[in-house]
């Protein structure tokens, strides 16, 4: 990354692993549970969050010296909500099919605490370029977890990826199903996402023991 | 600049409200015509989809006819549009724009309702297309149902506002909607509807007389919403349906 | 009266904010290390939900929903400001939270010390906005029911965080694999509790076959009143009956 200094590059790379918003900072959990039953939905959500966080962090960073601290939470929430509504309306007018896929996520993006969390923790105190990188980095870290969870839940729960059967046909008993494999219906209910995230945390902290919490 | 003063806070909030308010209001009014047009095309596509005018191939997903031809096709296949007011049929070529949700809630309050009906004709066979509206798990679900004069379903289209992706959202997938084709709405003499059932032991959907289709695993409430929506549609349109059957 | 009781228990157990719809997870996971702090946050959530849901109900009823502006005069009846609901709801919530923070700080420093630090956390707790959005989507019919819904959803969230905090205090004495300690095991326990809570859904949705409706003979035409009653009956059966089982 010749473009970025080492410090700047870390803003993007840290959230991907050792400072992941979901598994370490505990931000943005609700949406990680709600929409990861399918890989496609996970990817759409990740892209929307990357977009909203990148722009949102820039806007908050630009405004950071003029926002009165008493009402900063309101201002932050309104910036996110406005951004999301603007995107939603523009898509409805110019890319209607895409907007139908996205409209389900509008509420989830506004209430996604990862966005507020980074506004508060980073953008309010840092310059525009660094805030932008921080936004993109955290959104990517969030997206990585979403996609891993979505991959396992769709594969184990429905036997498909992107809606395409990959393990054979469960009704006609072909492929893996012919030797007695069954889809695990538990994987598609939301509590299963919690368990998958728990296992991801387990794997991550086994590999990097510095992250283990003191009990 | 002292950003902690009360007067500054008040001024800041007023300016913010004005900026945000005008941006949103401007967007909403500037984009309204385009959004309305998109919504109109979508409704026409959905109605045609329910009566079997679509670009599906046996293994494809849901493919509507393209938006640039939908208006012409709609005029070609939909022969008549009516609204049912107090049991009277009134011809209305804008019937497809009627908001079903408003009509149903007005009916519930004991008021008047304008219930749209579309009569389509495909390869010489007439179908009667009824709009539906109901509630899923999170928010509204709606759709269209095309029936013939024997109350056999020719096709359906379902859509939803915010059902869970991968679960309830699958009501708009072909594997679910296709199951309704050929199902009879009648059981003996009564309007039984079609229920989304977990217990019908017919996953391949071969029994078309059982008034049931196979449910989507994990989407109980959305499925129940679909069953209830079909029942309610049959209820409000019953006088009209009786009429088609006796003719 | 009966509908109040029904809504109350439904919101606490069947539609539990944490275990059934998975809202407000971030503060639930982050602030559940000790029972005493969990109680503070839980109480604050009950309070804020109890205030904002009825307030947003009024906004929805008289400002936002399709035709809501009819009280201004017939020429306003066609406006639909629904696209503003997100922003107005969230503004109400953030305003309320900061108002409460200022008032509590001024008049009861003791309470502020125990509760105050949680208040900013609450504004970003999606259970709060979720409460208002569910209230709107499920078309809760009256202000009283909206108040009931807000408070009982809050109690459900309170119970959830209390339970997990108690478990986490105990689990410290157990031999959990080191990488799972803390957050990891909390995720997994919450998942198992969620699966457990799904069984409450069976209280109202265990029987998925809709009740038999009286066979209607085709010869007689139904008059409008009868249709209306039947619809009402059905609506009642599904409205905010949407026990989460997905």
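So here's what we get for this one:
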item	result
Which listed residue is at pLDDT below 80, in a helix (DSSP H, G or I) and crowded, with 22+ Cβ neighbours inside 10 Å, from A:115, A:109, A:85, A:60	A:109
Among the residues listed as C:47, C:22, C:13, the single one being over 24 Å from residue C:172 (Cα atoms), buried (at least 17 other Cβ atoms within 10 Å of the Cβ) and within 14 Å of chain A (Cβ to nearest Cβ)	C:22
Checklist (1) at pLDDT 90 or above; (2) facing chain A (nearest Cβ under 10 Å) applied to residue C:124, failing item	(1)
From A:17, A:37, A:93, residue being at the interface with chain B (Cβ under 9 Å from one of its Cβ atoms) and under 16 Å from the mean Cα position of the chain (by Cα)	A:37
Selection count where residues are surrounded by fewer than 18 Cβ atoms within 10 Å (Cβ to Cβ) and either away from chain B (no Cβ under 14 Å) or in a helix (DSSP H, G or I) (or both), scope region A:153-185	13
Test for residue B:221: is it within 13 Å of chain A (Cβ to nearest Cβ), within 25 Å of residue C:133 (Cβ to Cβ) and in a strand (DSSP E or B)	no
Index of the failed condition, residue B:31 passing every other in (1) at the interface with chain A (Cβ under 8 Å from one of its Cβ atoms); (2) in contact (Cβ under 8 Å) with a residue 24 or more places away in the chain	(2)
Filtered residue count, region B:31-55, keeping only those that are touching a strand residue (DSSP E or B) at 6+ places or on another chain (Cβ under 8 Å) and crowded, with 18+ Cβ neighbours inside 10 Å	7
Filter pass, residue B:170 being touching a strand residue (DSSP E or B) at 6+ places or on another chain (Cβ under 7 Å), more than 24 Å from residue B:246 (Cβ to Cβ) and either at pLDDT below 85 or not in a loop (DSSP other than H, G, I, E, B) (or both)	no
When residues of region B:232-247 are limited to those that are more than 7 Å from chain C (Cβ to nearest Cβ) and in contact with a strand residue (DSSP E or B) (Cβ under 8 Å, 6 or more places away or on another chain), the one modelled with the lowest pLDDT	B:244
Filtered residues of region B:193-240 (kept if buried (at least 23 other Cβ atoms within 10 Å of the Cβ) and over 20 Å from residue B:136 (Cβ atoms))	B:237
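Residue-wise test of (1) modelled with pLDDT of 85 or more; (2) in contact with a helix residue (DSSP H, G or I) (Cβ under 7 Å, 6 or more places away or on another chain).
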site	(1), (2)
B:20	yes, yes
B:30	yes, no
B:33	yes, no
B:37	yes, no
B:46	yes, no
B:50	yes, no
B:53	no, yes
B:59	no, no
B:65	no, yes
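The values are calculated or read from the model by the stated rules, or taken from the named source; none is laboratory data. All figures in this text were calculated on a predicted structure; none of them were measured in a lab. Cβ atoms come from the backbone with ideal geometry, glycine included; neighbour counts cover every protein chain shown.
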